[in-house]
Protein chains: 2
Amino acid sequence: MLERYAARYRHELVERVVPFWMQHSLDRQAGGYFTCLDRDGSVYDTRKYLWLQGRQVWMFSRLYNELEPRSDYLDVAALGLRFIRAHARDPQGRLYFSLTRDGRPAFFQRKPYAAVFYMMGLLEYGRATGDVACLDEAEEVFWRIVEWIAHPELLDRPVLAGQPPASSLANVMVLASMAIELWRVRPDPRYLEVMRQAVAGARQHYDPERRLFMEFAAPPGGELAAGPEARFFNPGHSIEVGWFLLHLLEFVEAPGAREMALDAIEGSLDFGWDRQYGGLFYFMDVEGRPTLQLESSMKLWWPHTEALYAVVLAYRLTGQAGWLEWLERLDTYAWSHFVDPEYGEWFGYCDRRGELTHTCKGGSYKGCFHVPRFLLMSLQRLQEA
Amino acid sequence: MLERYAARYRHELVERVVPFWMQHSLDRQAGGYFTCLDRDGSVYDTRKYLWLQGRQVWMFSRLYNELEPRSDYLDVAALGLRFIRAHARDPQGRLYFSLTRDGRPAFFQRKPYAAVFYMMGLLEYGRATGDVACLDEAEEVFWRIVEWIAHPELLDRPVLAGQPPASSLANVMVLASMAIELWRVRPDPRYLEVMRQAVAGARQHYDPERRLFMEFAAPPGGELAAGPEARFFNPGHSIEVGWFLLHLLEFVEAPGAREMALDAIEGSLDFGWDRQYGGLFYFMDVEGRPTLQLESSMKLWWPHTEALYAVVLAYRLTGQAGWLEWLERLDTYAWSHFVDPEYGEWFGYCDRRGELTHTCKGGSYKGCFHVPRFLLMSLQRLQEA
């Protein structure tokens, strides 16, 4: 059965997802990638969104490094890399959120995530080519991100008296994900320390009763005020942190962390699954109070891709049959809601009932990343003997 | 028939909407208003969101001034006014977006709208009490808003080379709405000039083929780049600008503007109405391309309250029966989707099919404003002999 999944995922990746981006996203004229692509690949917005530029550089470099060293993969990665190195950083070295088609800055977001994906792109491309300048810049940006997360005023986000510091699961997650990749390329013990801190951070977010990671937790030595943040659950993030932790634990030892990660994946699936219409909710209030976000009950593609890889990994690590039941349930949901048999790549956005709200394959937050990453990583695990 | 609407709207306002806010939103302990109220009025977030603090001060002052001079209305207004005057402005005189329950700053948004509603609250309260300091501060804030809109870097929003200035319908609208109110209280000819500019601005946004106001338009002397902004239509805003214009035209003369406003109300209803499931869409791309916002196909309460008042007003001004058909259609939709027969006030958020996605009556963007404002203004027009 696993071989059937592996064959299908390989076909989806190589024949239907990667070609979509190669055919429609490359801006050979101005450089970089179009990501706002409608169902058939037609461009509906020419802006270059930095989260997605960095992610696509990362993805094509990773395909080159781990699927097949095809020169056209590396060529696609280089197209984006040149563009972002030329245009993505502001005079202070921070990262813009979006650029015009030709690279002029369009929006600055007071968050560190554009930098995260810029850094990941540089690193994976450097891994592919051995380009030392890329690796050096990746390291430089990594340490600046650590600083930006600790001191958000450096990103022009004022630190206000009524916003006591809280630990954000998104930040725990991105630091961990970057440190894993850095350690593989440049084994500096400081990256192991970041990984150890990420495990400790994840423990702060873990709710042992519900068996899931909450999105916000008390900061070290502090308390988290009651309110919507303290009740906020993002099933996709919680599951993604679960598999990041399982990756981390290949490099650092942490008693009980593997069980916590596996429990969090299962608990997040249990709590996040919509028993009425199927699919994983986007956002939830764990006490069932209203959320402040309008899109909470929607079903997005990416929590499902994260969950699919997480259960493949969990099955590989444990051999427990329960994970295969989740794999089948998630796979069925994803294939019947997000996969597009006609044009390739996946739809991204459904309402609670599972009806498409948007026909696009990409936008300002969806690009060449979650679908091919999950397919690549899953087939790598599925093929392990 | 109009008398039946008037009686029903008065009952809804006085017996079911205003009491909800009087019973559940007042924070007698720390001052200001709770706005994150679940269906039954229970508080799910104690933060004080500034858009909504200012709006509720305005609303209760307006009820005092125009519905009935009840001391308890003025008392509710004063509760919020004292709180925001004590806590809402930063050391530079700008407005925070949210505060903790006890008034410490929690978030600063790089937009002028918190200031708009702060100013409106001060002005209407000053109108109720004759408090000159309130009126003076309202004027001071108004002119700062004019400056903030012209120079967004004063709100820490960097002006970037890739974001050429565009005219925003929201800004045209708020300047117009403030100028109308200011002119009634302090007849300075500069406010008439702002109103004339708002009419000119609205003309820039008007699409004569589709008969609606587009959300973004070319700035004076410039061009608007092709892309999602140039195709973006917000039916609720477009309709709201329609009735603001009709109000403006009581004070300034502008050839053809009345016909444009009436056409825009009708055109926006035609284009914005969902022919499959009913209700007005939240956001649309006029060419049917995907929108970047996830919540576009949702049905929100406020475009419907704006439309209800707009058609009441349009009928009063024209006597044309077509507006009564829209009144009936909108009223039926609103009463069957948003009105809560059990606890009062209205629900705010449905999916495209019209099923509730949130049980709340208020949140970080919904408070004591759109529903009571539309009810009060509509019954005033309906009662005109």
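The values are calculated or read from the model by the stated rules, or taken from the named source; none is laboratory data. Computed from a predicted structure; not experimentally measured. Here Cβ is always computed from backbone atoms with ideal geometry, including for glycine, and neighbour counts include all displayed protein chains. Just so you know, the surface numbers come from the protein's heavy atoms only, side chains and all, with ligands and any DNA or RNA stripped out. Shrake-Rupley method; radii C 1.70, N 1.55, O 1.52, S 1.80 Å.
Mind checking the dipole of the protein assembly as shown: about its Cα centre, +1 per Lys or Arg Cβ, -1 per Asp or Glu Cβ, Debye to the nearest 20?
I would put it at about 500 debye.
Any idea what the relative contact order of chain A is, in percent, if you count C-alpha pairs under 8 Å spaced at least 6 apart?
Rounded, it is 19 percent for chain A.
Using the per-residue mean of other Cβ atoms lying within 10 Å as a proxy for protection, in what order, highest first, do the peptides A:52-58, A:83-89 fall?
Going by the mean number of other Cβ atoms within 10 Å, highest first, we get A:52-58, A:83-89.
Highest GNM mean-square fluctuation, chain A, Cα pairs closer than 10 Å: which of A:Glu240, A:Glu124, A:Glu259?
A:Glu259
Counting each DSSP H run of 4 or more residues in chain A as -39500 (n - 2.57), what helix-only mean residue ellipticity at 222 nm follows after dividing by all residues, to the nearest 500 deg cm²/dmol?
-16500 deg cm²/dmol
Which of rounded, prolate, oblate describes the stretch A:88-200, given a ≥ b ≥ c as roots of the alpha-carbon gyration tensor eigenvalues and a/c under 1.5 marking rounded, otherwise prolate only if a/b is larger than b/c?
oblate
In terms of the Cα gyration tensor, with a ≥ b ≥ c the square roots of its eigenvalues, is the stretch B:265-322 rounded because a/c is under 1.5, prolate because a/b exceeds b/c, or oblate?
It comes out prolate by the Cα gyration axes.
Using a 1.4 Å probe on the protein heavy atoms, what percent of the accessible area of the protein assembly as shown belongs to carbon and sulfur?
50 percent
Sorted from shortest, what are the nm distances separating the label point of B:Asp75 from equivalent points in the other copies, each placed 7 Å from Cα along Cα to C-beta?
Between copies, matching label points for B:Asp75 lie 7.8 nm apart.
Restricting the calculation to Cα positions, tell me the Rg (one decimal) and the Dmax (whole number) of the stretch A:18-111 in Å.
Looking at the stretch A:18-111, its Cα Rg and Dmax stand at 13.1, 39 Å.
Filter B:Lys111/B:Lys366; A:Lys299/A:Lys366; A:Lys111/A:Lys366; A:Lys111/B:Lys366 down to the pairs with a C-alpha to C-alpha distance above 22 Å, please. Write down the numbers at each step before the final one.
Details: B:Lys111/B:Lys366 17 Å; A:Lys299/A:Lys366 14 Å; A:Lys111/A:Lys366 17 Å; A:Lys111/B:Lys366 26 Å.
Distance filter (> 22 Å) returns A:Lys111/B:Lys366.
Counting only residues 5 or more places away or on other chains, whose amide H sits under 5 Å from the amide H of A:Phe34 once H atoms are built in the peptide plane?
A:Leu26, A:Asp27
In peptide B:93-100, what is the residue-averaged number of other protein chain Cβ atoms found within 10 Å of each Cβ?
Values: counts 0, 0, 0, 3, 0, 3, 3, 7.
So the per-residue partner count for this stretch is 2.
Report the FRET efficiency, 1/(1 + (r/R0)^6), for B:Asp136 and B:Tyr365, where r is their Cβ-Cβ distance and R0 is 25 Å, rounded to 0.05.
Efficiency computed from Cβ-Cβ geometry: 0.30.
Per q in 0.15 1/Å, what log10 I(q)/I(0) does a Debye calculation on the alpha-carbon atoms of the stretch B:197-248 return?
Here log10 of I(q) over I(0) equals -0.39.
Per-residue Cβ counts within 10 Å, from other chains only, averaged over B:353-362: what number is that?
3
Along Cα→Cβ at 7 Å, what distances in nm separate the B:Pro165 label point from those on the other copies, shortest first?
Copy-to-copy label distances for B:Pro165: 4.0 nm.
Pick from A:Tyr277, A:Tyr118, A:Tyr206 the residue whose mean-square fluctuation is largest in a GNM of chain A, springs joining Cα atoms under 10 Å.
A:Tyr277
Treating only the Cβ atoms of Lys and Arg (+1) and Asp and Glu (-1) as charged, compute the dipole magnitude of the stretch B:1-120 about its Cα centre; round to the nearest 20 debye.
480 debye
How many times 2.2 N^0.38 Å is the alpha carbon radius of gyration of the protein assembly as shown?
Cα Rg divided by the expected 2.2 N^0.38 Å: 0.98.
Using just the C-alpha positions of chain B as equal point scatterers, what log10 of I(q)/I(0) does the Debye formula give at each q in 0.06, 0.09, 0.13, 0.14 1/Å?
So the normalised log intensities work out to -0.21, -0.50, -1.14, -1.36.
Counting only protein heavy atoms, probe 1.4 Å: which residues of the stretch A:161-188 lose 50 Å² or more of accessible surface in the full assembly compared with their chain by itself?
With the partner chains in place, the stretch A:161-188 has these residues losing at least 50 Å²: A:Gly162.
List the distances, in nm and shortest first, from the label point of A:Arg28 to the matching label points in every other copy, placing each point 7 Å from Cα along the Cα-to-Cβ direction.
Computed spacing set for this position: 7.4 nm.
Return the average number of partner chain Cβ atoms within 10 angstrom of each residue Cβ along peptide B:37-46. Numbers along the way, then the final one.
On the way: counts 1, 3, 1, 0, 0, 1, 1, 9, 8, 4.
Across B:37-46, the average partner-chain Cβ count within 10 Å equals 3.
So with the 1.4 Å probe, I'd like the accessible area per residue for chain A, rounded to whole Å².
Values: 14300 Å² over 385 residues.
Per-residue value: 37 Å².
Normalised by the empirical 2.2 N^0.38 Å for globular proteins, what value does the Cα Rg of the stretch A:148-305 take? Could you put the intermediate results ahead of the total?
Working: Rg = 16.0 Å, N = 158, 2.2 N^0.38 = 15.1 Å.
Taking the Cα Rg and dividing by 2.2 N^0.38 Å, one obtains 1.06.
Of A:Gly103, A:Gly278, A:Gly222, which has the largest mean-square fluctuation in a 10 Å C-alpha GNM of chain A?
A:Gly222
Go through A:30-38, A:106-114, B:225-233 and give me the packing order, highest mean Cβ count within 10 Å leading.
Result, highest mean first: A:30-38, A:106-114, B:225-233.
Buried accessible area between A and B (1.4 Å probe, both chains summed, ligands and nucleic acids excluded), in Å² to the nearest 100?
Looking at A and B, the buried total is near 3700 Å².
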